[in-house]
Each structure stands twice: as C-alpha cells, then as structure tokens.
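The structure appears below as structure tokens.
The values are calculated or read from the model by the stated rules, or taken from the named source; none is laboratory data. Please read all numbers here as calculations on a predicted model, not as lab measurements. Note that we place each Cβ from the backbone using ideal geometry, even for glycine, and neighbour counts take in every protein chain shown.
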Amino acid sequence: MAAYSEDDLKADLNARGYRLTPQRQRILEIFRAIPQGKHLSAEDLHNTLTQSGERIGLSTVYRTLHLMVYMGMLRELELAEGHKHYELNRPLRERHHHLVCVYCNKTIEFSENQIDQVGKKQANSAGYYILDCQLTLYGICPECGDGSAS
Ligand SMILES: [Zn+2]
Ligand SMILES: [Zn+2]
C-alpha cells in the first residue's frame, strides 16, 4: 500500500461516502508530525487536539481512529496491555515490528524481513491478501532491569 497523498485520501473518502473533514485532516497532520518510533493512543491524540484548541470528544477520536485504520491510513498497535496505539501506516516494504518494555513502555522499532516472509507465506497459503504483519515482543529494557542479567 503506497503512502497516502492528500488527493488519494480525498478520492477514497468520497468513494466511500466520507469526507476529509478539517478534523480528520488535522489528525493526519498530527500523525505526520510525530517522530518515527513514537505512537499515540486515542487519549494522547485527544489531549493534543484539545490543547490546540480543537473541540472534539474522546468518543469521536475513537471513531475517527477506527475509520482511519479501516481506510489504511493508520496502523493500530497493541503495545501495552489493553492500550491501543496508533501510527501512520507506511508502505509494506517499510513495515516494522516492536519491542516493548513492559515497565516503562519504551518501544524500539525494528525491521526483520524473515518475519514478513513467514507472515506472507501463511497468509498466501490460506488464500488471504495480507494487509499488515506485526510482531510485538514484550520484555524489560536495560534501564528497568535490575542489572543482574549478564
Ligand atoms: Zn511503530
Ligand atoms: Zn523500561
């Protein structure tokens, strides 16, 4: 899936009977502005929006995020337990996986072609067209460890 241009997005939304409202455009801008490796929860996004003067309810943020995931603009990640995070969807060749510290939630992104290959093989053999492949590893980062591990 190629990166979404503004025009693609508008055409896609229109085809599905949706519009790129200023609010959705604003959300997309926020995701484009965050540095790579950073992920936002719905609450984070809601805070950012309200701090910039946007009047939007948390439930609208949730709905909009779901819609944007469904459309392939955003990627939904289950990083910490029960906490969904979102990031900008990038082309398949730039897919990455996550290594998460269960204590401080520090997240490292990594790419591993073999994981993608395994995922693709599985999906293909079941006749699925693959949209995303995510591996999330949970662990304890060096800062949170007790230092006794060698
Ligand atoms: Zn990521
Ligand atoms: Zn940690």
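In summary, Ser59 fulfils each of the numbered conditions (1) at pLDDT 90 or above; (2) within 20 Å of Leu9 (Cβ to Cβ); (3) exposed (fewer than 13 other Cβ atoms within 10 Å of the Cβ) with the single exception of condition (2).
Within the stretch 65-74, the presence of at least one residue that is in a strand (DSSP E or B) and surrounded by 11 or more Cβ atoms within 10 Å (Cβ to Cβ) is confirmed. The set of residues in the stretch 17-55 being closer than 29 Å to Lys106 by Cβ and among the hydrophobic types (A, V, I, L, M, F, W, C) consists of Ile27, Leu28, Ile30, Phe31, Ala33, Ile34, Leu40, Ala42, Leu45, Leu49.
Among residues of the stretch 40-64 being assigned to a helix (DSSP H, G or I) and polar (S, T, N, Q), the one that is nearest to the chain's Cα centre (by Cα) is Thr64. For Ser41, the conditions (1) closer than 20 Å to Leu9 by Cα; (2) in contact (Cβ under 8 Å) with a residue 40 or more places away in the chain all hold with the exception of (1).
Of the residues Glu43, Glu78, Glu112, Glu143, only one is assigned by TED's automatic domain parsing to the domain that holds Ala11, surrounded by fewer than 15 Cβ atoms within 10 Å (Cβ to Cβ) and either in contact with a Leu (Cβ under 8 Å, 6 or more places away or on another chain) or more than 30 Å from Glu6 (Cβ to Cβ) (or both); which? Working first, answer last.
On the way: Glu78 fails: either in contact with a Leu (Cβ under 8 Å, 6 or more places away or on another chain) or more than 30 Å from Glu6 (Cβ to Cβ) (or both); Glu112 fails: assigned by TED's automatic domain parsing to the domain that holds Ala11; Glu143 fails: assigned by TED's automatic domain parsing to the domain that holds Ala11.
One residue alone meets the criteria, Glu43.
One residue is enough: does the stretch 92-110 have a residue meeting the conditions within 16 Å of ligand 2 (Cβ to nearest atom), more than 27 Å from Asp12 (Cα to Cα) and of a type in the set (S, T, N, Q)? Scanning the stretch 92-110 turns up at least one residue that is within 16 Å of ligand 2 (Cβ to nearest atom), more than 27 Å from Asp12 (Cα to Cα) and of a type in the set (S, T, N, Q).
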